[in-house]
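The values are calculated or read from the model by the stated rules, or taken from the named source; none is laboratory data. As the structure is a prediction and not an experimental result, all values here were calculated from the model. All Cβ positions, even for glycine, are placed from backbone atoms using ideal geometry, and neighbour counts span all protein chains on display.
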């Protein structure tokens, strides 16, 4: 999670909003750049580990190739229940009482997701575990992933995220 900027001005002025990729490797690098950049806008105890965020983005968007990513720049499968907000309905369920939130760009969807983990009551267990790890000066991404079972309806979701995070270790 450590990242050193050459200058403070560079850190403030650089925003990796434009995520352009043509393969899995490029997707991982672009998503990582967005997460790392946004993390440095927050104090260390409030940061989301990049491997956790990117693993979820891979799972939710199939490396940024899903319908929701292509049509709504939504890498994270974030739902929108307010009909007044911009959203798109699932192709296989156009009458659903929810849609998927539309973002201006893919990096914005990652930033929204990170804010969601930091503020939404559903992720209180995540925040508590992250705080414990911060105070103990440890990093156990598997424990953090297990707190996110509520993120998806799939009962195997945490296990899938853990598997992807292990695959991402080579990108450290």
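Tell me whether region 116-132 contains one or more residues that are part of a helix (DSSP H, G or I), without any contact (Cβ under 8 Å) to a residue 40 or more places away in the chain, surrounded by 20 or more Cβ atoms within 10 Å (Cβ to Cβ) and under 16 Å from the mean Cα position of the chain (by Cα).
Scanning region 116-132, I find at least one residue that is part of a helix (DSSP H, G or I), without any contact (Cβ under 8 Å) to a residue 40 or more places away in the chain, surrounded by 20 or more Cβ atoms within 10 Å (Cβ to Cβ) and under 16 Å from the mean Cα position of the chain (by Cα), so the answer is yes.
Residues being surrounded by fewer than 14 Cβ atoms within 10 Å (Cβ to Cβ) and closer than 18 Å to residue 170 by Cα: count how many of those fall in region 17-28.
3
Regarding residue 111, is this residue surrounded by 15 or more Cβ atoms within 10 Å (Cβ to Cβ) and either assigned to a loop (DSSP other than H, G, I, E, B) or modelled with pLDDT under 95 (or both)? If you could, list the steps in order and put the result at the bottom.
Working: surrounded by 15 or more Cβ atoms within 10 Å (Cβ to Cβ): yes; either assigned to a loop (DSSP other than H, G, I, E, B) or modelled with pLDDT under 95 (or both): no.
No: the conditions fail for residue 111.
Consider residue 78 against the criteria (1) under 23 Å from residue 125 (Cβ atoms); (2) surrounded by fewer than 17 Cβ atoms within 10 Å (Cβ to Cβ); (3) in contact with a strand residue (DSSP E or B) (Cβ under 7 Å, 6 or more places away or on another chain): it satisfies all of them except one. Which criterion is unmet?
Of the numbered conditions (1) under 23 Å from residue 125 (Cβ atoms); (2) surrounded by fewer than 17 Cβ atoms within 10 Å (Cβ to Cβ); (3) in contact with a strand residue (DSSP E or B) (Cβ under 7 Å, 6 or more places away or on another chain), the odd one out for residue 78 is (2).
Restricting the search to region 66-87, which residues are at pLDDT below 95 and more than 23 Å from residue 117 (Cβ to Cβ)?
Scanning region 66-87 gives 83, 84.
For region 135-160, what are the residues that are outside any helix (DSSP H, G or I) and under 15 Å from the mean Cα position of the chain (by Cα)?
Applying the first criterion (outside any helix (DSSP H, G or I)) to region 135-160 yields 137-140, 147-148, 152-156.
Scanning region 135-160 gives 147, 148, 152.
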